[in-house]
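Following: one structure in structure tokens, then a few remarks.
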Amino acid sequence: VDDVREHYAKTFDRAAELYERARPSYASGAIDWIVPAGVTRVLDLGAGTGKVTERLVGRGYEVVAVDPSPNMLAQLRAKLPEVEVHVGTAEATGLADGSVDAVLVGSAFHWFRRPDADHEIARVLRPHGRVGILGNSREPDSLTARLLARAAAHGGIDRDHPARRDRDQQLDPALFTSLEQAGFPYTQTVTPDQVVELVASRSYVIDLPDAERATLLGEVRRLVDTDPDVGGRAEFELSYVTRARRCERRA
Ligand SMILES: C[S@@+](CC[C@H](N)C(=O)[O-])C[C@H]1O[C@@H](n2cnc3c(N)ncnc32)[C@H](O)[C@@H]1O
């Protein structure tokens, strides 16, 4: 299972531009719900192209971004040149002990090796520091859900795929309080091209052989073009729920 996870975790490096163009951000209210008053320095762990980083910078926090993918981080640097960036992992961030007030993780927690990452997060956080985990779920019965379910079926998504596990997993209870959860509606305005790229930016699609990926994306394109909710419009809305979880480092 660890090998499968590590294999897919590396796919993002090959699709960084696509990822940045197509993937959704997160509901603003979810960030407010996670980050308490009095926070100055925040670690965006598994920061990728900086979709969470951007939100944090916009709120005036001092942000440090860590990710193992140089290509994902290149997108982040181009967008947010003022942010401190480190190539590193959740298991070895390279940051000093107790050096951040909060750690945020956007759609990346399922890629971390546990419990190593729990120990590393506890090490870099100050006592009572906040942990926030963000992810977007598709609204059931939405266009988003239909298109991504189709892609998953064609991609032969592995039962062991990490995105399918870990939903309710707690962090190490010796180090952290238990996770609380909340959901916030989020809408992404997209073009038909972006929907195809959204599917193309999933790790299991990035990983398909070129010919299979082309066939799958061709089918997604047809599905989008013929969908009654899209109806040939140049732009339309995809609906998500930003799922937020939060806990605290024990003293
Ligand atoms: C789905 S992307 C999420 C990126 C960004 N946080 C966002 O919200 O858009 C997953 C990210 O996790 C990173 N990643 C994979 N394995 C990791 C690990 N062990 N530690 C930290 N980040 C990891 C990948 O390089 C990728 O940038």
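The values are calculated or read from the model by the stated rules, or taken from the named source; none is laboratory data. Just so you know, these numbers come straight off a predicted model, no measurement behind them. Cβ atoms come from the backbone with ideal geometry, glycine included; neighbour counts cover every protein chain shown.
Go through the range 36-50 and give me each residue that's in contact with a helix residue (DSSP H, G or I) (Cβ under 8 Å, 6 or more places away or on another chain) and either in a helix (DSSP H, G or I) or within 16 Å of ILE133 (Cβ to Cβ) (or both).
VAL42, LEU43, ASP44, LEU45, GLY46, ALA47, GLY48
This table checks each residue for (1) crowded, with 19+ Cβ neighbours inside 10 Å; (2) in contact with a strand residue (DSSP E or B) (Cβ under 6 Å, 6 or more places away or on another chain).
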{"position": "ASP13", "(1), (2)": "no, no"}
{"position": "GLU20", "(1), (2)": "yes, no"}
{"position": "VAL35", "(1), (2)": "yes, yes"}
{"position": "LEU43", "(1), (2)": "yes, yes"}
{"position": "VAL57", "(1), (2)": "yes, yes"}
{"position": "VAL66", "(1), (2)": "yes, yes"}
{"position": "ALA74", "(1), (2)": "no, no"}
{"position": "LEU95", "(1), (2)": "yes, no"}
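Anything in the range 65-79 that is within 16 Å of the chain's Cα centre (by Cα) and aliphatic (A, V, I, L, M)? List them, or say none.
The answer is ALA65, VAL66, MET72, LEU73, LEU76.
Just checking, how many residues over the range 89-135 are on the phi > 0 side of the Ramachandran plot and not hydroxyl-bearing (Ser, Thr, Tyr)?
Number satisfying all stated conditions: 3.
Would you point out which residue out of LEU134, LEU104 is closer than 29 Å to ALA149 by Cβ, near the ligand (Cβ under 8 Å from one of its atoms) and at pLDDT 95 or above?
LEU134
Any residue that is near the ligand (Cβ under 10 Å from one of its atoms), part of a helix (DSSP H, G or I), under 28 Å from LEU147 (Cβ atoms) and in contact with a Phe, Trp or Tyr (Cβ under 8 Å, 6 or more places away or on another chain) - is there at least one of those in the range 13-35?
yes
Please list, ordered by first then second residue, the pairs with beta carbon atoms under 8 Å, 6 or more apart or interchain, first in the range 57-70 and basic (Lys, Arg), second within 14 Å of the ligand (Cβ to nearest atom) and assigned to a helix (DSSP H, G or I).
Cβ pairs passing all conditions: ARG59/ILE31.
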